[in-house]
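Here the structure comes first, spelled out in structure tokens, and everything after it is commentary.
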Amino acid sequence: MIVSLIKHATPAQIDEVADRIRSFGFRLHQSPGAERSVMGAIGVGGDLTACLESLRALPQVERAVPISAPYKFVSREYREHRTVVRIPSPAGPIDIGGDDPVVMAGPCSVESEAQIMETAERVAAAGARILRGGAFKPRTSPYEFQGLAEDGLALLARARERTGLAIVTEVMTDSDVALVEQYTDLFQVGSRNMQNFALLKALGRSRRPVLLKRGLSSTIKEWLMAAEYVVGHGNPNVIFCERGIRTFETATRNTCDLAAVPLLNELTHLPVIVDPSHATGKRSLVPAVARAAIAIGADGLMVEAHPAPEKAWSDGAQSLSLDEFDGMMRMLESYRELWRQSRLELAYA
Ligand code: PEP
Ligand code: MN
């Protein structure tokens with residue numbers, strides 16, 4: 001439920017509302033940055049109707065309404081204004097969902113110091129602001145490269161120091177959250193772990209933002225519910241990443257659901273970016289899908305780029321060379337106006 005208080009509610013009156021909500025068995029949820037005068041509460045088993053009635057009887061309560069969406073805290077019913085997820089970086093904070101689309105780029109996997117440094121320098125020079133690279137890799141085959149683990153995280157941190165880029169890297173299990181948290185600026189939850197609920201809960205207890213990739217065969221609702229796990233457990237900073245879904249079509253690695261971008265903008269206040277690399281699986285298609293994503297107002301992109309894609313240890317076929325990445329970034333410049341227009345046309349600002 002959402003409870004709005006009158007403008008000049010005193011701290012004692014606010015506490016009275018909080019106590020009453022708790023006495024009905026509901027859990028309070030105060031999103032950081034939200035006005036103190038709007039309170040959210042959830043819970044299972046409490047008598048919602050009785051609680052709402054009791055709250056409405058208090059003079060300091062202006063409005064007490066249930067949230068009808070099954071995903072409460074990520075829904076637009078809960079928060080009218082778009083959430084801007086702020087990511088710290090040595091070059092200053094990076095806002096996802098703000099006034100500019102943000103590009104995250106880098107190799108699928110961190111392979112070596114030379115590989116990550118060269119990539120970081122080139123993608124930074126081309127305009128990317130966040131370096132991606134997997135150190136823990138979810139591979140279909142157990143015989144394929146599984147990532148450099150902590151050594152890979154350390155290389156990413158060194159690349160951040162060198163270039164000023166922020167970093168994003170995947171965490172696959174709740175037991176790795178504390179380790180990955182020491183290195184990364186933004187956690188990535190991969191498609192295969194979108195419904196790893198122990199992981200989502202652990203990330204809910206972290207203060208670092210989370211990039212939540214869409215599950216291989218997940219519906220929009222399941223995806224929103226996955227984000228609800230993170231936000232409901234205390235971490236309001238979630239970014240959605242559309243990376244294609246599995247359909248009957250096999251000509252592309254996945255089928256890119258671009259409509260997910262405007263749809264999520266209707267359903268949630270959280271930002272959404274697009275990964276044209278995993279969405280297509282094919283290097284030649286990446287720039288076109290990236291342009292489309294920018295044109296419809298995605299908050300950013302995640303793109304795989306590698307100094308020598310043909311030698312990449314994972315996902316080479318969909319990785320751009322560093323020159324190709326540079327070319328794509330130049331091309332995207334001319335889509336900025338379309339991006340701005342899309343943002344103005346969003347159902348809300
Ligand atoms: C990746 O980003 O390299 C990755 C494994 O992505 P996804 O989880 O979308 O397959
Ligand atoms: Mn990959």
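At a glance:
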read-out	value
Choice from Asp299, Asp100, Asp185 with maximal GNM fluctuation in the chain (Cα, 10 Å cutoff)	Asp100
Spin-label pair Thr247/Arg205, simplified geometry with 7 Å Cα→Cβ offset, distance in nm	4.0 nm
Å² per residue, accessible surface of the chain at 1.4 Å	43 Å²
For the chain, with +1 on Lys and Arg beta carbons and -1 on Asp and Glu, the positive-most of Ala290, Ala18, Val168 along the dipole	Ala18
Unit charges on C-beta of K, R, D, E only; dipole of the stretch 1-160, Debye	260 debye
Values of log10 I(q)/I(0), in the order q = 0.11, 0.12, 0.15 Å⁻¹, for the chain under a Debye, Cα-only, solvent-free model	-0.72, -0.84, -1.21
The chain - percent of accessible surface contributed by carbon and sulfur, probe 1.4 Å	52 percent
Peptides ranked, highest mean first, by Cβ atoms within 10 Å: ranges 169-179, 125-135	125-135, 169-179
Cα lying deepest toward the dipole's positive end in the chain, options Gly134, Val238, Pro107, charges on Cβ	Val238
Peptides ranked, highest mean first, by Cβ atoms within 10 Å: ranges 149-157, 55-63	149-157, 55-63
Rounded to the nearest 20 debye, dipole of the stretch 167-229 from Cβ charges on Lys, Arg, Asp, Glu	160 debye
Highest to lowest packing among 266-272, 140-146, 81-87, 208-214, scored as the average C-beta count within 10 Å	208-214, 266-272, 81-87, 140-146
Whichever lysines have a C-alpha closer than 24 Å to that of Lys221, once near sequence neighbours (fewer than 8 apart) are set aside	Lys72, Lys201, Lys213
Size of electric dipole in the chain: Cβ of Lys, Arg +1 and of Asp, Glu -1, about Cα centre, debye, nearest 20	480 debye
Cβ-based charge dipole, the stretch 85-348, positive-most Cα from Ala260, Ala91, Thr119	Ala260
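The values are calculated or read from the model by the stated rules, or taken from the named source; none is laboratory data. All values reported here derive from a predicted model rather than from experimental measurement. Backbone-built Cβ (ideal geometry, glycine too); neighbour counts: all protein chains shown. The accessibility values were calculated without ligands, DNA or RNA, using every heavy atom of the protein model including side chains. Shrake-Rupley method; radii C 1.70, N 1.55, O 1.52, S 1.80 Å.
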